[in-house]
Amino acid sequence: MLTAPFVKAAAHEIGFDLVGIAPAVRHPKLARLALWIAEGHAGDMTYLADSLDERLDPAKALPSVRSIVSVACLYNTDQPYSTDAMNPERASIARYAWGDDYHDVIRERLRALVRTLADRAGRGFEAFSCVDAGPVQERVFAELAGLGWIGKNTCLINPSIGSWIVLGEVLINVELESDAPGVDHCGTCTRCLDACPTGAIVEPWVVDARRCISYLTIEARGAIDDDLQSSLAGRVFGCDICQDVCPWNRRAPAAAAGTWQPREGLAYPKLIDLCRLSDEAWRALIRGSAMRRAGLKRIRRSLACAAGALDSGAAVEALDALGAHPSAADPLVADAIAQAETRARAAR
């Protein structure tokens, strides 16, 4: 017989730091997604609209679903936060991308969890598991399962380990005892809104992806607007600012697993070193990394934006290094280099 205590013990044994259980319902917060998309906040992420029906109803992913098991892994390290460690000559890469690709790590653990639950439940057991690339609104169900609350920066925050966590879900056709939902503890704090350099958090719990540095450096397919480029400030893949300043993360523990520890060259590397890396060296560096999501052309577009903000001499050196690679002929990269050169000349 499958029980909530068994599921939680199995999840912890497999390596998840948090686990909770939510009922499989059409939660009212899910409706906000449709409004957010309609307001244009999704930018180029058309896949969100394409999968909207599934995202609004978990039964679309698994018709027989009765409960949703929500899990999380802590990926924090003992390295300094980007707001403490950054300088113009250093490149910032989102903390979650320093080590192994969390999609691969979480999927492997979810598969192990599903096998364990299937062995226990026996015949007739059905399950559907996914990480954030799947059609399940993970933060809504994680909050409903008591893993934390959705903060004003839209990250899930756990009162014990903060928001440096990646989420996964298992939809199952067994009704289990649900946990109490998470309770909001943001209070009157607005540090994440105040710190966002592009004003992407347009109001509490609403992020306009088109202005978000994470979106601009990973998801955006075209050129980055001139008025936003200066705000990147060396961030070439993702952004951690709204998490860096969150009071709930100041005492966040560090993950013990080597899975999340930074690969050599990814924790605040010199910008010029990244600009000099060959295609082959880049592919080796990001093999098995979440940085594969952006692809080398978009990474070099972000590097050009960051290089354009350097002092004129350093900017020229970095941009010349970028321009020497074959990918510099791609319009996305070439245009970014040209824009950066214009900015560097204007700053002289």
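The values are calculated or read from the model by the stated rules, or taken from the named source; none is laboratory data. Quick caveat: nothing in here was measured; it's all calculated off a predicted structure. Backbone-built Cβ (ideal geometry, glycine too); neighbour counts: all protein chains shown. Surface accessibility is based on the protein's heavy atoms, side chains included, excluding ligands, DNA and RNA. Shrake-Rupley method; radii C 1.70, N 1.55, O 1.52, S 1.80 Å.
Structure notes:
- Cα gyration tensor, the range 232-348 - rounded (a/c under 1.5), prolate or oblate: oblate
- With the charge dipole of the range 286-348 set up from +1 on Lys and Arg Cβ and -1 on Asp and Glu Cβ about the Cα centre, the Cα lying farthest toward the positive end among the listed residues LEU319, THR342, ALA329 is that of ALA329.
- Only protein atoms count toward the accessible area here, which uses a 1.4 Å probe; on the range 122-181, the carbon and sulfur part of that area reaches 44 percent.
- Inter-label distance for SER312 and ASP273, nm, one decimal - labels placed 7 Å from Cα along Cα-to-Cβ: 2.9 nm
- Under 5 Å from the amide H of SER289 lie the amide H atoms of ASP101, each residue being 5 or more positions distant or on a separate chain, with H modelled from the backbone and absent for Pro and chain starts.
- Near the amide H of ALA255, within less than 5 Å, lie the amide hydrogens of ASN76, THR77, all on another chain or at least 5 residues away, with H placed in the peptide plane.
- With 0.36 nm allotted per residue and the present C-alpha distance subtracted, the HIS12-LYS60 stretch has 14.5 nm of extension available.
- Rolling a 1.4 Å probe over the heavy atoms of the protein chains gives the chain an accessible area of 44 Å² per residue.
- Sparse-neighbourhood loop sites, trypsin sites (Lys or Arg not before Pro) in the range 36-133 - DSSP loop, at most 16 other Cβ within 10 angstrom: ARG66, ARG123
- Dividing the mean sequence gap of close Cα pairs (under 8 Å, 6+ apart) by how many residues the chain holds gives a relative contact order of 22 percent.
- Here the dipole of the chain is about 240 debye; that uses its Cα centre as origin and unit charges on the Cβ of Lys and Arg (positive) and Asp and Glu (negative).
- Here's the picture: a label point sits 7 Å out from the Cα of ARG283 along the beta-carbon direction, and within the range 313-348 the residues with their amide nitrogen under 15 Å of it are 326-327.
- A DSSP coil position with no more than 13 other Cβ atoms inside 10 Å describes the following GluC sites (Glu not before Pro) in the range 30-138: GLU39.
- Size-normalised alpha-carbon gyration radius of the chain, reference 2.2 N^0.38 Å: 1.03
- Between GLU126 and ASN173, the built amide H atoms are under 5 Å apart, and every one of these is 5 or more places off in sequence or on another chain.
- Converting phi to 3J(HN,Hα) with the Karplus coefficients 6.51, -1.76 and 1.60 and the offset θ = phi - 60°, the range 229-240 yields 4, 5, 7, 5, 6, x, 7, 9, 8, x, 7, 10 Hz in sequence order, with x at every glycine or proline.
- For the chain, CYS73, CYS130, CYS155, CYS186, CYS189, CYS196, CYS212, CYS239, CYS246, CYS275, CYS305 have no disulfide-compatible partner, since no other Cys C-beta lies under 4.7 Å from theirs.
- Length gained when the stretch ASP225-ALA257 is fully extended (0.36 nm per residue, less Cα-Cα span): 7.7 nm
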